[in-house]
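*Asks:* The structure under discussion is supplied below as structure tokens; questions concerning it will follow.
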Amino acid sequence: MDQQLFAEIYDAHARAVYAHAFRMTSDRTGAEDIVSLTFLEAWRLRETLDGVTSHRAWLLGVATNVMRNTRRAARRHREAMTRLPRPEAVPDPADAVVSRIADTARASAALAALGELRRADREVILLSVWAGLSHAEVATACGTKEATVRSRLSRARSRLRELTTAGLAAEPAGGHASVPRTTREGNL
């Protein structure tokens, strides 16, 4: 069989094969794949087409067999996939980005709030929390009593929590909390 005759058979019966495949699968894309596979199989068996009296009936039979084979292959694939061990959950990198953005917003709000604390309270927070000094060491560094350091630290933490929460609540959706000039320049 020559290419021209096969092209004529395709033109005459491709729509019928597509309609049959669509009725069987209820899937337009799947039906297109069935048509492609049907005519690929018909091309492979083109020497037997000379003895066929009804090309349409023969092609619909090939399409039916192609659909059976496709379903069988899909079922086998699904069964093989169920036998494989479940992959470990991969963390979504977007979660890390969102977390970093939230951390940045909290840090910006904390820095802005830190700039609004009284100087003595700000010194105690910086020495205790960020420098990691003990209460006694902070008292020595500030030239005050340890009890005063504890009092200032408690007051500063409460005030910092209030200001940070207020700063986060007031922050625009896509923006950053405004940071006071002294904080940006590092002159805490």
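*Asks:* If I compute mean projected area of the Cα convex hull in nm² from the structure I just sent, which labelled value in (1) 21.5; (2) 16.1; (3) 11.4 lines up?
*Replies:* Here the calculated entry is (1).
*Asks:* Please give the helix 55-83 orientation as an angle from the longest Cα principal axis of the chain, in degrees from 0 to 90, rounded to the nearest 10.
*Replies:* The answer is roughly 30 degrees.
*Asks:* For a quick check of your reading of the filter: which GluC sites (Glu not before Pro) in the stretch 7-101 sit in a DSSP loop and have no more than 10 other Cβ atoms within 10 Å?
*Replies:* Those that pass, being in a loop and sparsely packed, are Glu88.
*Asks:* Keeping all protein chains in place, calculate the accessible area per residue for the chain (probe 1.4 angstrom), answer in Å².
*Replies:* Heavy-atom accessible area per residue stands at 69 Å².
*Asks:* Using a 1.4 angstrom probe on heavy atoms only, work out the carbon and sulfur share of the accessible area of the stretch 114-176 in %.
*Replies:* Summing carbon and sulfur atoms, their accessible area is 52 percent of the total for the stretch 114-176.
*Asks:* Quick one: with all protein chains in place, what share of the accessible area of the stretch 16-104 is carbon or sulfur, to the nearest percent (1.4 Å probe)?
*Replies:* Reported share for carbon and sulfur atoms: 57 percent.
*Asks:* Can you give me the relative contact order of the chain as a percent, contacts being Cα pairs under 8 Å and 6 or more apart?
*Replies:* 19
*Asks:* Need the C-alpha centroid separation for the stretch 1-67 versus the stretch 69-99, integer Å.
*Replies:* If you average the Cα positions of each part, the centres end up 34 Å apart.
*Asks:* Starting from 0.36 nm per residue, how many nanometres of slack lie between Gln4 and Val98 once their C-alpha separation is accounted for?
*Replies:* 27.8 nm
The values are calculated or read from the model by the stated rules, or taken from the named source; none is laboratory data. The structure presented is a predicted model; accordingly, all values stated were derived computationally and were not measured. Quick reminder, even Gly has a Cβ in these numbers, built from the backbone with ideal geometry, and neighbours come from all protein chains shown. Quick note on the areas: whole protein, heavy atoms, side chains included, nothing else; ligands and nucleic acids left out. Shrake-Rupley method; radii C 1.70, N 1.55, O 1.52, S 1.80 Å.
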